[in-house]
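The values are calculated or read from the model by the stated rules, or taken from the named source; none is laboratory data. Keep in mind that this is a model prediction, so the values were computed, not measured. Heads up, the Cβs are rebuilt from the backbone with ideal geometry, glycines too, and the neighbour counts pull from every protein chain shown. Ligands, DNA and RNA are stripped out before the accessible areas are found, and what is left, the full protein with its side chains, is counted by its heavy atoms. Shrake-Rupley method; radii C 1.70, N 1.55, O 1.52, S 1.80 Å.
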Amino acid sequence: MRLKLKSGVYLTVIPAKQFKTVRVAINLIAQLKPETQSKRLLLANILENSAADFPNQAEIARQLATMYGAGFGVTVSRRGNSHSLSFILNCLNDTFSEQSLLDKGMNFLKQIIFHPLADKNEFENENFIREQQNLRQTIVSAADNKQLTAYLALQKAYFTNPIQQEPSFGTLAQLATITASELWQYYQCCLREDQVEIIFLGDITLQRARQLVEKLNFPARVELPISPFYQQNWQPKIRTNNFKQTVTQSKLDLAFFLPVYYNQPEFMSALVFNAIFGGLPLSRLFVNVREKQGLAYYANSSFDSFRGVLTVQTGIDAVNQEKAQALIMQQLIELQQAKISRQELIDAKKMLINDYQSQLDSQSSQLSHALLTNLTGRRLNSADWEESISSVNVEQVAEIAQQAKLQASAYLQGMADK
């Protein structure tokens with residue numbers, strides 16, 4: 001059940017008696033904007049590791065220990081055009097304790113969110129510099145992940161919008177310009193202006209959750225439309241991003257325009273298509289490109305239903321680039337021609353349903369799903385979801401495959417040290 005508490009502030013409660021803990025997510029959601037990705041990630045790191053009453057990680061850990069080892073974290077995620085800064089608390093249900101751990105947990109979150117470690121109108125300088133340096137090192141070390149390097153090159157080639165081209169962690173140039181006072185002012189804007197989605201999942205009533213949320217007292221704010229979807233038109237020219245690095249394994253990544261979006265009528269067919277193509281362990285890419293032909297060390301596909309793009313990632317030997325790409329395209333063509341066995345379809349749907357059912361046992365997955373439901377206004381219960389997957393047929397998979405059009409490629413050609 002979702003309840004509007006104030007303008008721009010919402011409460012969702014998902015009763016679930018099978019869990020011994022109550023999981024709370026307080027999400028601050030904004031439209032994805034240039035130069036804010038590094039800011040929000042830096043905010044997450046600072047707010048997770050310090051507060052006015054808990055100035056370091058040891059103090060935070062000590063406070064969590066008084067709540068029988070409650071779990072806590074601050075995360076950042078982006079979907080399409082939306083950007084979420086999320087405070088997560090996992091706390092033992094009150095029925096398993098002599099004291100109200102949820103009351104204590106919400107007081108803890110209130111201190112973390114509204115009373116950060118600060119010096120007047122800026123974040124405390126020593127802590128700010130440390131977290132800024134830590135994030136800088138994280139961004140620098142990302143270059144060592146060559147699979148990520150190739151994917152980011154593909155993202156830059158595929159998207160025409162600069163903000164969609166950016167890594168989710170932002171850039172070193174953006175990070176270097178952030179000051180403690182500027183970040184403080186930005187965070188105050190987030191607290192005043194971001195859409196607030198508070199979600200409880202566990203053995204808790206709406207009335208009890210509402211009492212707990214009153215401790216936070218988020219102010220009302222102007223409601224602005226925030227769409228998690230990003231759409232761009234297909235263009236006939238295939239964009240490429242080819243480069244060389246001194247590594248032994250080359251990376252060939254492809255991006256296909258696939259204008260199907262989360263929980264639209266064709267969404268389930270797209271999930272089955274991706275599963276058969278490269279999304280599951282027994283997919284066409286794995287079996288034919290990797291196992292049978294030995295043209296790749298790994299080969300898989302993923303479907304971004306918030307940006308309408310299907311990506312293929314492979315690790316190959318440089319001499320196999322053309323053969324690997326040709327074989328990948330052949331797998332797609334065969335799916336477009338509905339060359340799909342009955343067993344292949346059954347196995348893909350069975351694995352998707354099994355994965356979905358396993359997510360129902362995860363509080364984290366359920367919270368994420370609830371947030372997506374709130375952002376998109378598109379809701380499917382578990383029975384409807386499984387029925388929709390089960391009803392997908394070969395013709396529907398082929399129709400999705402026919403919509404997939406190659407739009408961009410990135411090729412990191414490896415050069416072994418001599």
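Overall shape of segment 124-254 was characterised from the C-alpha gyration tensor. The equivalent ellipsoid obtained from it has semi-axes of 37, 23, 17 Å, in decreasing order.
In segment 1-143, one over the average inverse separation of all distinct C-alpha pairs is 16.7 Å, which is the Kirkwood hydrodynamic radius.
With every protein chain present, what is the per residue accessible area of segment 208-325 (1.4 Å probe, Å²)? Roughly 46 Å² per residue, with all protein chains present. Average accessible surface for segment 1-119: 40 Å² per residue, computed with a 1.4 Å probe over protein heavy atoms with every protein chain in place. Taking Cα atoms only, the orientation of helix 180-193 departs from the longest principal axis of the chain by about 90 degrees.
Sites listed here are chymotrypsin sites (Phe, Trp or Tyr not before Pro) in segment 45-107 whose DSSP assignment is loop and whose Cβ has at most 14 other Cβ atoms within 10 Å: Tyr68.
Across the chain, the relative contact order, built from alpha-carbon pairs under 8 Å that are at least six residues apart, equals 22 percent. Rounded, prolate or oblate, given the Cα gyration tensor of segment 221-333, with a/c below 1.5 counting as rounded? It is prolate, given that a/c is not under 1.5 and a/b is the larger ratio. Hey, could you grab the Kirkwood Rh for the chain? Inverse mean 1/r over distinct alpha carbon pairs, Å, one decimal. The Cα-based Kirkwood calculation yields 23.4 Å. Please sort by residue number the chymotrypsin sites (Phe, Trp or Tyr not before Pro) in segment 273-322 whose DSSP state is loop and whose Cβ has at most 13 other Cβ atoms within 10 Å. Those satisfying the criteria are Tyr297. The amide H of Thr12, built 1.01 Å from its N in the peptide plane, has Leu3, Ile198, Ile199, Phe200 as neighbours under 5 Å, considering only residues 5 or more places off or on other chains. Using a cut-off of 15 Å between beta-carbons, work out the net charge of the residues near Arg2 (Lys and Arg +1, Asp and Glu -1, Arg2 not included). Here the count lands on +3. In segment 1-82, a dipole from Cβ-located charges (positive for Lys and Arg, negative for Asp and Glu) runs towards its positive end, and of Asn56, Thr75, Leu42 it is Thr75 whose Cα lies farthest in that direction. Rolling a 1.4 Å probe over the heavy atoms of the protein chains gives segment 130-192 an accessible area of 47 Å² per residue. Each Lys or Arg adds one and each Asp or Glu subtracts one; over the other residues with Cβ under 10 Å from the Cβ of Pro228, this totals +3.
Summing Cβ point charges (Lys, Arg +1; Asp, Glu -1) relative to the Cα centre of the chain gives a dipole of roughly 520 debye.
Return the loop-located GluC sites (Glu not before Pro) in segment 23-71 (DSSP other than H, G, I, E, B) with at most 16 other Cβ atoms within 10 Å of their own Cβ; answer none if there are none. When the GluC sites (Glu not before Pro) of segment 23-71 are filtered for loop state and at most 16 Cβ neighbours within 10 Å, Glu35 remain.
Between helix 101-114 and the chain there is an angle of about 80 degrees, using the helix long axis and the longest principal axis of the Cα atoms. Taking the 1.4 Å solvent-accessible surface of the chain as the whole, the part contributed by carbon and sulfur is 49%.
Note on exposure: Phe108, Phe114 ranked by accessible area (1.4 Å probe, complete protein assembly) read Phe114, Phe108, with the most exposed listed first.
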